[in-house]
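The values are calculated or read from the model by the stated rules, or taken from the named source; none is laboratory data. Just so it is clear, the structure is predicted and the values come from calculations on it, not from any experiment. FYI the Cβ positions are ideal-geometry reconstructions off the backbone, even for glycines, and counts take in every protein chain you see.
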Amino acid sequence: MSDKPELTELSFSINGHLSKPRHEVYEAVADPDQLSKYFTTGGAQGRMESGATVTWDFHDFPGAFPVRVLNAVQDEKLVFQWGGNETLSTDGMNTVTFEFAEVDDGTRTKVTIAESSWNPNASGAKAAFGNCEGWTGMLAAMKCWVEYGINLREGFHK
């Protein structure tokens, strides 16, 4: 008998530091105009506010994705759901959490992105790894946009 717990769900968490105050970094995700400049290559519609459903469109995955905002705490946290492949949830949604923490007396921000709810099998792992890759790219692109005004994704998928 094994004393290791059974794997019931796949999830991941990534993080990075941006050299801007937490409010500026939070707004780069919550504000659809900013999000459209470095992440949603097909555009974002709607501000990330509690209870809102916004849309994100990507050239590499055409078609606007509905994003349901469960919780938005200004400058601290965004929790939302969007459709996932190989998800465990009955409604086909994965849960994503962005957390924004002040670092170095508020001059920098640590952003943590976590996503969960994939089946603990090969197909679920492939889907989770794909989204982890996407969020890592988004975090790098956000750093370039917020700190230097550079859009890394421009022309990347089209």
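Name the residues in the range 58-81 that are in contact (Cβ under 8 Å) with a residue 24 or more places away in the chain, part of a strand (DSSP E or B) and crowded, with 17+ Cβ neighbours inside 10 Å, would you?
If the condition is that a residue be in contact (Cβ under 8 Å) with a residue 24 or more places away in the chain, part of a strand (DSSP E or B) and crowded, with 17+ Cβ neighbours inside 10 Å, then Ala72, Leu78, Phe80 are the ones that fit.
Residues of the range 118-138 being in contact (Cβ under 8 Å) with a residue 40 or more places away in the chain and either polar (S, T, N, Q) or at positive phi (or both), which ones?
Correct list: Asn119, Asn131, Thr136.
Criterion first (polar (S, T, N, Q) and exposed (fewer than 14 other Cβ atoms within 10 Å of the Cβ)) does Ser117 satisfy it?
In short, no.
Answer with yes or no whether Gly92 is touching a strand residue (DSSP E or B) at 6+ places or on another chain (Cβ under 7 Å) and either loosely packed, with under 15 Cβ neighbours inside 10 Å or among the aromatic types (Phe, Trp, Tyr) (or both).
Yes: the conditions hold for Gly92.
Mind checking whether some residue in the range 91-102 is among the hydrophobic types (A, V, I, L, M, F, W, C), in contact with a Lys or Arg (Cβ under 9 Å, 6 or more places away or on another chain) and at pLDDT below 95?
yes
Looking only at residues in the range 57-80 that are closer than 19 Å to Glu99 by Cα and hydrophobic (A, V, I, L, M, F, W, C), which one is farthest from the chain's Cα centre (by Cα)?
Within the range 57-80, the match that is farthest from the chain's Cα centre (by Cα) is Val73.
In the range 101-158, how many residues are in contact with a helix residue (DSSP H, G or I) (Cβ under 7 Å, 6 or more places away or on another chain), in a strand (DSSP E or B) and not acidic (Asp, Glu)?
Result for the range 101-158: 4.
Look through Glu24, Glu115 and report the one residue that is under 18 Å from Gly149 (Cα atoms), in contact (Cβ under 8 Å) with a residue 60 or more places away in the chain and charged (D, E, K, R).
Every option except Glu24 fails the conditions.
Here is a list: Asn121, Asn85, Asn71, Asn94. Which entry is over 16 Å from Phe12 (Cβ atoms) and polar (S, T, N, Q)?
Criteria check complete, one pass: Asn71.
Any residue in the range 34-56 that is surrounded by fewer than 16 Cβ atoms within 10 Å (Cβ to Cβ), more than 29 Å from Tyr148 (Cβ to Cβ), more than 12 Å from the chain's Cα centre (by Cα) and at pLDDT below 95?
There is no residue in the range 34-56 that is surrounded by fewer than 16 Cβ atoms within 10 Å (Cβ to Cβ), more than 29 Å from Tyr148 (Cβ to Cβ), more than 12 Å from the chain's Cα centre (by Cα) and at pLDDT below 95.
Within the bounds of the range 74-90, is there any residue that is more than 23 Å from Ala141 (Cβ to Cβ) and hydrophobic (A, V, I, L, M, F, W, C)?
Checked the range 74-90: at least one residue is more than 23 Å from Ala141 (Cβ to Cβ) and hydrophobic (A, V, I, L, M, F, W, C).
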